[in-house]
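Colleague: Before anything else, here's the structure in question.
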Amino acid sequence: MNKIVNTRSMIFTLYGDYISRYGNVIWIGSLIRLLKEFGHNEQSVRAAISRMSKQGWVQSEKKGNKSYYSLTNRGKARMDEASKRIYQLESPEWDGSWRMLIYTIPEDKRYLRDELRQELIWSGFGLLSNSCWITPNPLEEQTKDLIDKYDVSSYVSFFKSTYEGMNDHASLVEKCWDLDNINEKYSQFIEEYSKDYIIDKHKIAKGEISEGSCFVKRSLLVHQYRKFLFIDPSLPQELLPEKWVGDSAASLFADYYQILAKPATRFFESVFEQGDPPVIKEEK
């Protein structure tokens, strides 16, 4: 029996993997029915979607006596960025430059500093020294969006630079990210899911697994793999250790995801309301 995943987290997973591809709007009744497959009751779903609305991730609108929910622009931006990273099968190429962000946010705005820190970690930045964050990836646009979002331009300096020493790039990476620990977690993912992949591949070929089970398995697979977004900075190949297994984990995820795709999608479509939902206008 699958362990019940946090309701809010599973709603994010369903938006990213399904709902955003079907017009980005879903009737609350359909959402409740889908989440029932994972062991969530109606009360927990309504409470979670209400919190997400207050946090600015989703917005609602009524049509008759039915409530429909869609991602806000903020929610869509986060889902788009997450999707690019989740379905990235190979490490990105490197242009040889480092991006450096330094902030001096005053103590009375500490809450902004804490929120910005979490956003930087999620985007793949590593902490080089106190209030100094770096990444080899071209995150100029995302960084500008973050600065605008938190209105901290007067406290932030951002550079695109080259590393001139005194050590090599590997030493710099080691100081900012614990790649050994991340690599170990990828190894655990491969060990846990490689056997299930082979078993389910044969079951699907023989028609021995239900569409509902495929839907649950694919959603839980995405949910589990999505956790790497919070720890893996998606470093370029040139900066990764020799025995890096992240790319192998990505390939396993893609293959497993693909064999579950058709039956899982059929189940989703059987529950998802395909009527004429309202056009929800983005809040300003």
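Colleague: How many residues are touching a residue at least 40 places away in the same chain (Cβ under 8 Å) and surrounded by fewer than 13 Cβ atoms within 10 Å (Cβ to Cβ) when one looks only at the range 171-180?
Modeller: Adding up the residues that qualify gives 1.
Colleague: Considering R46, R117, R51, which residue is buried (at least 16 other Cβ atoms within 10 Å of the Cβ), charged (D, E, K, R) and not assigned by TED's automatic domain parsing to the domain that holds S248? Spell out the reasoning first.
Modeller: Details: R46 fails: buried (at least 16 other Cβ atoms within 10 Å of the Cβ); R51 fails: buried (at least 16 other Cβ atoms within 10 Å of the Cβ).
Answer to the selection: R117.
Colleague: Please report, ordered by residue number, the strands (runs of 3 or more DSSP E) entirely within the range 1-113 with at least 2 residues that are within 30 Å of L239 (Cα to Cα).
Modeller: Fully inside the range 1-113 and qualifying: 98-103.
Colleague: Quick one: S194 ticks every box in (1) modelled with pLDDT of 90 or more; (2) loosely packed, with under 11 Cβ neighbours inside 10 Å bar one, so which box is it?
Modeller: Result: S194 fails condition (2) only.
Colleague: While we're looking at this one, here's another question. Show me the helices (runs of 4 or more DSSP H) entirely contained within the range 125-233 in which 3 or more residues are of a type in the set (D, E).
Modeller: Hits in the range 125-233: 140-150, 179-206.
Colleague: Do we find a residue being under 25 Å from the mean Cα position of the chain (by Cα) and of a type in the set (F, W, Y) anywhere in the range 99-110?
Modeller: There is no residue in the range 99-110 that is under 25 Å from the mean Cα position of the chain (by Cα) and of a type in the set (F, W, Y).
Colleague: Scan the range 84-95 and give yes if some residue there is out of contact with any His (no Cβ under 9 Å at 6 or more places or on another chain) and more than 30 Å from Q258 (Cβ to Cβ), otherwise no.
Modeller: yes
The values are calculated or read from the model by the stated rules, or taken from the named source; none is laboratory data. No experiment lies behind these values; they were computed from the predicted model shown. Reconstructed Cβ throughout: ideal geometry from the backbone, glycine too, with neighbour counts over all protein chains shown.
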